[in-house]
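Here the structure is laid out as structure tokens; the discussion comes afterwards.
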Amino acid sequence: MYLIKSPLLLKWYYPSLLWNKSRTEKVIYLTFDDGPIPNVTDFVLKTLKVFNAKATFFCIGDNIVKHPEVFERVKADGHAIGNHTFNHLKGWKTDDETYLKNTLKCQELTQTNLFRPPYGRIKKSQIKSLRSEVRSLKSDAQLQTENSKLQIVMWDVLSGDFDINLSPEKCYQNVIKHTENGSIIVFHDSLKAFDRLAHALPKVLAYFTEKGFTFATL
Ligand SMILES: [Zn+2]
């Protein structure tokens with residue numbers, strides 16, 4: 001069971017996480033989790049380019065190691081990179097030390113201030129230790145010149161593209177129905193999601209471009 005739109009209660013319980021951006025501007029934040037994967041990620045890159053759209057890719061460290069050339073293409077196209085742990089760990093079922101180590105292993109590859117917990121599931125103790133660890137890895141100069149705080153990114157619209165029982169058209173409708181100014185939308189550049197992604201992504205981009213929205217990195 002999953003919810004397409006993130007409920008207010010969850011946002012209230014985890015106020016330090018990022019759920020959506022400014023509601024006053026016509027900007028949408030597309031995110032792609034679980035890549036990089038050959039062909040699938042390349043399809044996403046090609047499609048984004050057609051609409052002059054930028055996005056954020058929450059990569060699994062293990063996939064970066066397996067497909068470094070795809071990872072380089074994502075970066076070369078000017079998209080943002082996020083950390084999604086090295087082995088796609090479930091926070092609620094993993095002890096804090098293992099979770100931290102696995103995430104830092106991915107951090108070596110991604111070098112980013114953006115982190116998304118797999119399945120959106122993370123303990124408050126894990127949030128705390130991750131934030132202080134990532135901060136401690138930075139040099140004094142970095143701490144002064146950039147926003148050194150780790151941003152933990154959730155979402156407000158889940159496309160449901162990972163759901164093999166969902167029709168591609170329903171996946172598209174999910175996004176159209178729930179997206180508003182500043183929405184952070186989740187897609188997956190994975191083999192499992194591809195049927196729905198390939199149908200919904202170009203249509204979502206066309207629909208909101210027509211309505212005057214732009215697509216930016218987080
Ligand atoms: Zn994931």
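The values are calculated or read from the model by the stated rules, or taken from the named source; none is laboratory data. The structure displayed is predicted, hence computed values, not measured ones. When we count neighbours, we look across all protein chains shown, and the Cβ atoms used for this are built from the backbone with ideal geometry, even at glycine. Surface accessibility is based on the protein's heavy atoms, side chains included, excluding ligands, DNA and RNA. Shrake-Rupley method; radii C 1.70, N 1.55, O 1.52, S 1.80 Å.
Taking the conditions exactly as written (in a helix (DSSP H, G or I), at pLDDT 95 or above, more than 16 Å from the ligand (Cβ to nearest atom) and farther than 22 Å from L30 by Cα), does E72 satisfy them or not?
It is false that E72 is in a helix (DSSP H, G or I), at pLDDT 95 or above, more than 16 Å from the ligand (Cβ to nearest atom) and farther than 22 Å from L30 by Cα.
Could you please find all residues in region 38-63 being open to solvent by 10 Å² or more (accessible area, probe 1.4 Å) and within 16 Å of the ligand (Cβ to nearest atom)?
Residues satisfying the conditions are I60, D62, N63.
Assuming D195 fulfils every condition listed in (1) touching a helix residue (DSSP H, G or I) at 6+ places or on another chain (Cβ under 9 Å); (2) within 16 Å of the ligand (Cβ to nearest atom) apart from one, which condition is it?
Going through the list (1) touching a helix residue (DSSP H, G or I) at 6+ places or on another chain (Cβ under 9 Å); (2) within 16 Å of the ligand (Cβ to nearest atom), D195 breaks only (2).
Is there any pair linking a residue in region 65-89 that is at positive phi to one that is in a helix (DSSP H, G or I) and open to solvent by less than 80 Å² (accessible area, probe 1.4 Å), with Cβ under 8 Å and at least six apart or on different chains, and which?
Pairs found: T85/G61; T85/Y99; T85/N102; T85/T103; T85/C106; T85/P118; H88/D62; H88/P118.
Which pairs have Cβ atoms under 6 Å, sit 6 or more apart or on different chains, and link a residue in region 108-122 that is more than 12 Å from H88 (Cβ to Cβ) and of a type outside the set (A, V, I, L, M, F, W, C) to one that is within 15 Å of the ligand (Cβ to nearest atom) and open to solvent by less than 10 Å² (accessible area, probe 1.4 Å)?
Cβ pairs passing all conditions: T110/N83; T112/G82; T112/N83; G120/M154.
Consider N87 carefully, then state whether it is of a type outside the set (A, V, I, L, M), more than 21 Å from L18 (Cβ to Cβ) and within 13 Å of the ligand (Cβ to nearest atom).
So N87 fits the description; yes.
With respect to the numbered conditions (1) closer than 27 Å to Y99 by Cα; (2) of a type in the set (G, A, S); (3) out of contact with any Asp or Glu (no Cβ under 9 Å at 6 or more places or on another chain), which one is the sole condition not fulfilled by A53?
Going through (1) closer than 27 Å to Y99 by Cα; (2) of a type in the set (G, A, S); (3) out of contact with any Asp or Glu (no Cβ under 9 Å at 6 or more places or on another chain) one by one, A53 breaks only (1).
Test H79 against the criterion of being away from the ligand (no atom under 16 Å from the Cβ) and either among the small types (G, A, S) or surrounded by 18 or more Cβ atoms within 10 Å (Cβ to Cβ) (or both), and give yes or no.
When the stated conditions are applied, H79 passes them.
So, of the residues in region 167-198 that are open to solvent by 60 Å² or more (accessible area, probe 1.4 Å) and not acidic (D, E), which turns out to be farthest from V44 (Cα to Cα)?
K177
Which residues, taken from region 103-126, are of a type in the set (A, V, I, L, M) and either at pLDDT 95 or above or under 17 Å from F32 (Cα atoms) (or both)?
Scanning region 103-126 gives L104, L109, L114.
Being under 16 Å from the mean Cα position of the chain (by Cα), among the polar types (S, T, N, Q) and outside any helix (DSSP H, G or I) is the filter here, so list the residues in region 98-144 that pass it.
Residues satisfying the conditions are Q111, T112, N113.
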